[in-house]
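Peer 1: The structure follows.
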Amino acid sequence: MLVLAFVGGTLEIRDAGAHAALLPSACQWDPRTRCHRAPALAYADVVRALHAAKAPYDDRARGYEELPQGMRLRREPRPYQSEAIAAWRAARGRGVVVLPTGAGKTHVALMAIDDKRRNALVVTPTLDLVRQWYDALRTTFGLPVGLVGGGEHDVRALTVTTYDSAHLHMEHLGARFGLLVFDEAHHLPGASYALAARLSLAPFRLGLTATPERADGRESELEELIGPIVLRRDVTELAGEFLADYDVETIGVELTADERAEYDHERALYRGFVARNGIRFDRPQGWGEFVMLSARSDDGRRAMRAYQRQRELAFGAKSKLEALGELLELHRLDRAIVFTQDNATAYRISRRFLVPVITHQTKVRERSEILEGLSQGSYGAIVTSKVLNEGVDVPEANVAIVVSGSGSVREHVQRLGRVLRKKGDKRAVLYELVTEATSEQYTSQRRREHVAYR
Amino acid sequence: MLTADLVQARRRSGKLHLARLSGKARARAIELAEQYLAILRAQRGEVRDVVEPALAAVPTSASERKLALGLRKLLDDACSWEAAPEVDPAELRAEVFHRAAEARRALADEARFDRDAVVTEIAGARGLSVEQLERALFADLRSAFRMLAAPGGTAEQLVDRYEEAQAQAVLLRAVRVVVHVDCATAGEARALFRRLKFQRLLYRVLPRVEDEHGYDLEIDGPFAMFEASTKYGLQLALLLPALRDCRAFSLEAELRWGKEREALTFETSGGWGVAEAPASTPGAPADESLLPDEVATLLSRFRALESPFRVGLAGEVLDLPGVGLCVPDLVFEHGETQRRVYLEVLGYWSRDAVWKRVELVRAGLPQRVLFAVSARLRVSEQVLDDELPSALYVYKGTMSARVVLERLEALSR
């Protein structure tokens, strides 16, 4: 009889005999082990093909079970959440749901787990989100929840992990879950993280994101790794009724005279090197050329330092910190999240204004205490670099202050999303501090190219 | 271990060549290593924020950047760092930040937040000076870690380690490797295959070139047949020390190099029997002096017998893909029939290993093999039927050359 086994993220098919012709094209003959082999991702197709042909087989691959119970805590879904689940079911339990931050993507996933009732693994980009999913699953299903990542390795019927851990451990975990939930699923396409999907045999897959688009265009891989986009709603469709109303305000600040002189000097140095070497940043390989050439000579290393310094001056202008101080005082009775481009600035702000800071170095317990403090109001503001860009849920937060950031539209939309979760009749505001007459103005323009800022 | 971005290499004609340190370049590397070691040993007890700038201040040219960063990475790995704050920084932060939040909330319109007042108040309450509090506030950050112990060893040893680490770092970007390996003994080969299994790598024993010692192995992981993935790069890099423990090896790796994942090849070689890693595959004859005692004793006793068999060290891996392999110690060739019988000594260590060989024979291993097993493992010779091409020889105490001869004759009929 044909035997299916899960080996290192692949599906081994032994003794296929005459049934070899039934196997989908993903299955190939492996001379190393004298058997057919397919990526574990092909498991559902293989089983469907064998079923359709009524071919007998011994399934030693499937290592997941049905959950002993469904949701213990039920909430009335919003209409678009029910639509999302119906569309996902119609796509055989494989698909991506695109909803703006704060619209309740987590609840869609909880409904999907309840619908399929299979062992489920939730994959998230950060440890903060792991903590949040852990709480949501435990409260909703009343079952023990496992954790993989951040020093933990406890695998349960419902488990939460990070993309980093998932792609490393999926060759061992890939048979143990029937449903995969990829939170912030735009992270998945890419040489390494995609293995988290390819090395798993889970027949059911759900992707959640507010912004599936990627700068490298690899969002097209989501269809193969998870499934097609089954439902999409934009922020403007849900604002007011399901999301908080919001304002966006850009505040321009000036460099001091000393900063301006240094900025102009460093920028001239860097631009001079770029011009002398014929580097053009309007070409896709322009930046790569600059990095490569700058490493080859002392002149180049100086140009790279000059580039970094002029950027530091623009992003970390003294007037920004003064403006930030005024905003913190203006919103002293609100709950604010301050975002920076780098950790050094986040720590500088924390030290200067005595507000808690969360970076990748902050331990899980302290992160939880800080977020709880913000939620309960014992903290009026916190500062972070990038780790809170995505998903972290503090419904009470109503002010976002972007001190500095990249030109990424997604990052900016995600940061706005942190304050959009509906809570009573709150009105959210996002401030963006931009240093005038510097390259930061261009960065700011690029990141605001989204419907949310029109 | 170094990371791939610290590798000093050139791409030429589809190959990646490591920049070898010789002559002046090696002397300069040793000079740099000496300076770094001296700084680290002088800075013991300092925090990282002090140590790192001191290391970075050692003058280096643009072309030495990767060498300098690589040496510093290896040294950092070899140092012991520890956070040793006077007070619990997380607890102190919570207290300071909560008090600051209260003070800010209590501000009247137009009033300004007074940072210094908050710091002074908490410092006073805790019996600390303001400077102590400021220092303690983020004393648990990596940059505030204190160096407890500086690395040992000499600058020359560090540079040798750097060269080895470079080859390992290249293999982090390998999708598969082909290795020609020449083991001095069957035990050496078995250790290598055990390491392959431990690393969960798959291999294919490639056809051997006539009259050449050793084996050719193609090594990658289960998923590698679907996608040129560097997923197994770390396992392949960790294989390098096991290969260095063999008498000689040469390795060719298929890489995906750089951000653009360019397909390149990389070659390296070495082994304990090779003083200077040669460019070509070594083929030194097998060395009987390296045999385990019980095999060496059997060999000399067998040679003292009158027998139609010529005996020598086996140089092959008997592989049945998908089932397993065995690495025999000796090979016996009949003078008239030219029939070969292999002997693998399994001794008294693992009953499990015996059952794996039994499974291998039953699954169709075509070669004739006599598996010598100690009676202490309590295995019966009858588990392998007479019609199979291989047999078990269960011995008490030491192996008998005469009994081995009888079994060889039976197997070679």
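Peer 1: Any idea how far apart residue B:95 and residue A:62 come out in nm if each label point goes 7 Å out from Cα toward Cβ?
Peer 2: 5.8
Peer 1: Also, I was wondering about something else. Counting helices only, and only those DSSP H runs with n ≥ 4, report the 222 nm mean residue ellipticity of chain A as the sum of -39,500 (n - 2.57) divided by its residues, in deg cm²/dmol to the nearest 500.
Peer 2: The helix contribution divided over chain A gives -11500 deg cm²/dmol.
Peer 1: Here's something else I'd like to know. Which order do A:320, A:386 take when ranked by solvent-accessible area (1.4 Å probe, heavy atoms of all protein chains), largest first?
Peer 2: So, going from the largest accessible area down, we get A:386, A:320.
Peer 1: Over every pair of different alpha-carbon atoms in the range A:2-59, take the mean of 1/r and invert it; report that Kirkwood radius in Å.
Peer 2: Across the range A:2-59, the inverse of the average 1/r is 11.1 Å.
Peer 1: What's the carbon and sulfur percent of the range A:257-315's accessible surface, probe 1.4 angstrom, rounded to a whole number?
Peer 2: C and S atoms contribute 52 percent here.
Peer 1: At 1.4 Å probe size, with the rest of the protein present, what percent of the exposed accessible area of the range B:232-272 is carbon and sulfur atoms?
Peer 2: 53
Peer 1: If each of residue B:375 and residue B:52 carries a label point 7 Å out from its Cα toward its Cβ, how far apart are those two points in nm?
Peer 2: Taking the simple label geometry, residue B:375 and residue B:52 are separated by 6.7 nm.
Peer 1: Peptide B:89-97: average number of partner chain Cβ atoms within 10 Å per residue?
Peer 2: Taking all residues of B:89-97 together, the mean is 4.
Peer 1: Sort B:367-377, A:18-28, B:45-55 for me by packing, meaning the mean count of neighbouring Cβ atoms within 10 Å per residue, highest on top.
Peer 2: Values: B:367-377: 19.8, A:18-28: 14.1, B:45-55: 15.7.
Listed from highest to lowest mean packing, they are B:367-377, B:45-55, A:18-28.
Peer 1: For helix A:257-276, what angle does its Cα long axis make with the longest principal axis of chain A, in degrees from 0 to 90 and rounded to 10?
Peer 2: So the inclination is approximately 60 degrees.
Peer 1: Taking all pairs of distinct Cα atoms, average 1/r, flip it, and tell me the Kirkwood hydrodynamic radius of the range A:257-315 in Å to one decimal place. Numbers along the way, then the final one.
Peer 2: Working: mean 1/r = 0.0864 Å⁻¹.
Averaging 1/r across every pair of different Cα atoms and inverting gives 11.6 Å.
Peer 1: While we're here: Could you work out, residue by residue across A:348-358, how many beta carbons of other chains sit within 10 Å of that residue's beta carbon, and then give the average as an integer? Please report the intermediate quantities before stating the final value.
Peer 2: On the way: counts 0, 0, 5, 6, 1, 5, 15, 4, 7, 3, 0.
That works out to 4 on average.
Peer 1: So for the range A:79-233: antiparallel DSSP bridges make up what percent, rounded to the nearest 5?
Peer 2: Antiparallel: roughly 10 percent of the beta bridges in the range A:79-233.
Peer 1: Next question, about the same structure. Find the centroid of the Cα atoms in the range A:163-228 and in the range A:272-306, then give the distance between the two in whole Å.
Peer 2: When both Cα centres are located, 36 Å separates them.
Peer 1: Let me check something: with ligands and nucleic acids excluded, how do A:105, B:197, B:356 order by accessible area (1.4 Å probe), largest to smallest?
Peer 2: If we order A:105, B:197, B:356 from most to least accessible, we get B:197, B:356, A:105.
Peer 1: Beyond 35 Å, what percent of the Cα pairs of chain A remain?
Peer 2: Roughly 39 percent, once rounded to a whole number.
Peer 1: I need the peptides A:292-298, B:91-97 ranked by packing, meaning the mean over residues of other C-beta atoms within 10 angstrom, with the highest value on top.
Peer 2: Output ranking for A:292-298, B:91-97: B:91-97, A:292-298.
Peer 1: Just to check I understand the Karplus step: with θ = phi - 60° and J = 6.51 cos²θ - 1.76 cosθ + 1.60, what whole-Hz values come out for the range B:335-346, glycine and proline as x?
Peer 2: Here the 3J(HN,Hα) series is x, 8, 7, 6, 5, 10, 10, 9, 10, 10, 8, 8 Hz.
Peer 1: Take the alpha-carbon centre of the range B:342-389, take the same for the range B:224-278, and report the distance between them in whole Å.
Peer 2: Here the two parts' Cα centres lie 34 Å apart.
Peer 1: Which residues' amide hydrogens lie under 5 Å from the amide hydrogen of residue A:248, considering only partners 5 or more residues apart or on another chain, with H built in the peptide plane?
Peer 2: A:430
Peer 1: Using a Debye calculation, one point per C-alpha and no hydration shell, please list log10 I(q)/I(0) for the range B:120-259 at q = 0.14, 0.17 Å⁻¹ in order.
Peer 2: With no solvent term, the Cα-only Debye profile gives -0.76, -0.97.
Peer 1: Percent antiparallel among DSSP beta bridges with both residues in the range B:291-411, to the nearest 5? Working shown, then result.
Peer 2: On the way: 12 of 22 bridges.
Taking every DSSP beta bridge with both residues in the range B:291-411, the antiparallel ones total about 55 percent.
Peer 1: In peptide B:60-69, what is the residue-averaged number of other protein chain Cβ atoms found within 10 Å of each Cβ?
Peer 2: Per-residue shielding by partner chains comes out at 2.
Peer 1: Here is a further query. Just to confirm the number: angle between the C-alpha axis of helix B:65-78 and the first principal axis of chain B, 0 to 90 degrees, nearest 10?
Peer 2: That works out to roughly 80 degrees.
Peer 1: What distance in nm separates the two pseudo spin-label positions at residue A:216 and residue B:109, each 7 Å out from Cα along the beta-carbon direction?
Peer 2: 5.3
Peer 1: Based on the Cβ-Cβ distance from residue B:403 to residue B:30, what FRET efficiency comes out when R0 is 60 Å, to the nearest 0.05?
Peer 2: 0.55
Peer 1: Could you point to the residue in B:98, B:201, B:153 farthest towards the positive end of the protein assembly as shown's charge dipole, with +1 and -1 charges on the Cβ of Lys/Arg and Asp/Glu respectively?
Peer 2: So the residue furthest toward the plus end is B:201.
Peer 1: Still on this model: Taking the DSSP beta bridges in the range A:1-88 as the whole, what percent of them are antiparallel, to the nearest 5?
Peer 2: Taking every DSSP beta bridge with both residues in the range A:1-88, the antiparallel ones total about 80 percent.
Peer 1: Helix A:163-173 versus the longest principal axis of chain A: what is the Cα-based angle in degrees, 0 to 90, to the nearest 10?
Peer 2: 10
Peer 1: Leaving ligands, DNA and RNA out of it, work out the accessible area of residue A:64 with a 1.4 Å probe and give it in Å² to the nearest 10.
Peer 2: 20
Peer 1: Top mean-square fluctuation among B:147, B:399, B:225, Gaussian network model of chain B, C-alpha springs under 10 Å?
Peer 2: B:225
Peer 1: If you bin every alpha carbon distance in the protein assembly as shown into 10 Å steps from zero, what whole percent lands in each bin?
Peer 2: Per 10 Å bin, starting at 0, the Cα pair percentages come out as 2, 10, 16, 20, 20, 15, 9, 5, 2, 1, 0.
Peer 1: Given a 1.4 Å probe, how much area per residue of the protein assembly as shown is accessible, in Å²?
Peer 2: 45
The values are calculated or read from the model by the stated rules, or taken from the named source; none is laboratory data. A quick note: this is a predicted structure, and the numbers were derived from the prediction, not measured. Quick reminder, even Gly has a Cβ in these numbers, built from the backbone with ideal geometry, and neighbours come from all protein chains shown. Calculation scope for accessible area: heavy atoms of the full protein, side chains included, ligands and nucleic acids excluded. Shrake-Rupley method; radii C 1.70, N 1.55, O 1.52, S 1.80 Å.
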